[in-house]
Amino acid sequence: MKYLIIDGYNAISKIKEFDVKKDISLEASRLSFIKALTDFRQRNREFNKIIVVFDGKGDGLGLSGETYEDIKVLFSNKDKDADKVIVDILKISSKDNITVSSDDNFIKNHTRAFGCEIMSIKELEDLIVLKEKSKGVKIKEDIQAKEMDEITEELKKHWGVA
């Protein structure tokens, strides 16, 4: 089996698409990130299992976790941060076929020490976020300002914001 372990908040803070959602709430940002991972997982089966580890604030003795489709989400407890949880996972796992995605030097150094692959957050972003690539298509420039205003007004009515 091939595993991808992701340093959750490290990824969210480095990928603009998810970082901007922190203005709404940390949960919105986290859920948007998890949704992108589930979409990626549906398109690409490169990894058999994806585990995302977030820092938690709970008083629990162990990890708390949730599963979203094929994505396992773990929250550390107050006595152990996500970085140490990831290192603990690496300690007890067979090291074959594990890739860790983080830009955190503590995690990167431990990942290398355990003989696992490291993936930068930029590489993760390129992997999971669908980027629209311009194919040289030009927008028709013959729509007049009046027509654009009419379309805008019609959309406002349709959406109930007029």
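Peptides 15-22, 153-160 ranked from most to least packed give 15-22, 153-160, packing being the mean of other C-beta atoms within 10 angstrom over each peptide's residues. For region 3-134, the relative contact order comes to 28 percent (Cα pairs under 8 Å, sequence separation of at least 6).
Couplings 3J(HN,Hα) for region 115-120, derived from phi with the Karplus relation 6.51 cos²θ - 1.76 cosθ + 1.60 (θ = phi - 60°), are x, 9, 7, 10, 10, 5 Hz, where x marks Gly and Pro. Along region 31-48 the Karplus relation, 6.51 cos²θ - 1.76 cosθ + 1.60 evaluated at θ = phi - 60°, assigns HN-Hα couplings of 5, 5, 5, 5, 4, 4, 5, 5, 5, 4, 4, 5, 7, 9, 9, 4, 10, 6 Hz to successive residues, with x for each Gly and Pro.
From the Cα gyration tensor of region 3-134, with a ≥ b ≥ c the square roots of its eigenvalues, which class applies: rounded if a/c is under 1.5, or else prolate if a/b is larger than b/c, or else oblate?
Details: a/c = 1.56, a/b = 1.16, b/c = 1.34.
Oblate shape, in that a/c is at least 1.5 and b/c is the bigger or equal ratio.
Fewest-first ordering of I118, I107 by other beta carbons within 10 Å of each residue's beta carbon gives I118, I107.
Past the 19 Å Cα-Cα mark, which pairs from K49/K72; K16/K122; K35/K78?
The pairs that break the limit, which is 19 Å between Cα atoms, are K35/K78.
In this structure, the amide hydrogen of K2, modeled 1.01 Å from its nitrogen in the peptide plane, lies closer than 5 angstrom to those of N48, K49, counting only residues at least 5 positions away or on a different chain. Residue by residue, region 20-26 carries 3J(HN,Hα) couplings of 5, 6, 5, 5, 6, 5, 5 Hz when phi is fed to the Karplus relation 6.51 cos²θ - 1.76 cosθ + 1.60 (θ = phi - 60°); x denotes Gly or Pro.
Every number here is computed from the coordinates shown, using simple stated rules; none is lab data. From a predicted model like this one, the values you see are computed outputs, not experimental measurements. Cβ coordinates were reconstructed from backbone atoms using ideal geometry, including for glycine residues, and neighbour counts include every protein chain displayed.
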